[in-house]
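All remarks here apply to the structure that follows.
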Amino acid sequence: MTGKAEFNAEEWDAVVGAPLLGATMVIAADKGGRLRETLAVARDYAAARESHDGELMSAILASAPAAAGSQRETNSEDLARAAPAALGEAITILERAATPEEVAEYKRFAYSLAQSAARAHREGGLLRRAASEISEAEQAALDAIAAVFDE
């Protein structure tokens with residue numbers, strides 16, 4: 001099993017901060033529902049703390065994600081560049097130190113946070129009629145995250 005001791009401080013910050021940065025990219029993809037989306041991500045992050053029992057994911061989830069991310073992009077264009085790069089860097093770091101199962105678990109966790117953000121607020125449509133669960137911009141952000149994980 002892989003533990004926090006396998007990483008230096010910079011690597012650990014990258015691994016811990018990347019999933020939240022990916023979810024933030026999805027939240028910033030569309031204007032509406034940011035509070036609801038942020039709360040959904042926070043709720044799922046807390047739930048993950050309760051459900052993961054592996055040493056690596058437990059250590060990741062025990063770390064403060066807001067403090068871990070060193071990048072503070074504020075607009076969707078910056079996030080669209082930074083989040084996939086950060087996720088790719090985290091995966092590269094994990095692939096050197098963690099087991100393939102731990103890397104897969106990390107990818108599932110990071111993608112699930114992004115999906116939570118995308119599904120938390122219905123997009124478009126007058127009075128939510130004909131609204132879609134996930135907007136085109138959010139789907140594009142999810143696709144960018146999936147592409148990083150499929151490389």
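Every number here is computed from the coordinates shown, using simple stated rules; none is lab data. It should be emphasised that the depicted structure is a prediction, and the values quoted were computed from it without experimental measurement. Because the Cβ atoms are built from the backbone with ideal geometry, glycine has one as well, and the counts that use them run over all protein chains shown.
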Mean Kyte hydropathy of 0.0 or more with a Cα span along the axis of at least 15 Å, helices from DSSP in the chain: 9-29, 76-97, 136-150
Cα gyration tensor shape for the chain, rounded if a/c is under 1.5, else prolate or oblate: prolate
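Placing unit charges on C-beta atoms (Lys and Arg positive, Asp and Glu negative, everything else neutral), compute the dipole magnitude of region 7-150 about its Cα centre in debye, rounded to 20.
Numbers: 14 positive and 23 negative charges, 150 e Å.
Around 720 debye, computed over region 7-150.
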Selected from L56, L39, L21 as most flexible by GNM, with the chain as the system and alpha-carbon contacts under 10 Å: L39
MRE, 222 nm, helices only [DSSP H, n ≥ 4, -39500 (n - 2.57), over the chain, to nearest 500]: -23500 deg cm²/dmol
Cα gyration tensor shape of region 1-64, rounded if a/c is under 1.5, else prolate or oblate by comparing a/b with b/c: oblate
Near-label residues of region 88-123 by backbone N, under 16 Å of a point 7 Å along Cα→Cβ of M1: 98-103, 105-106
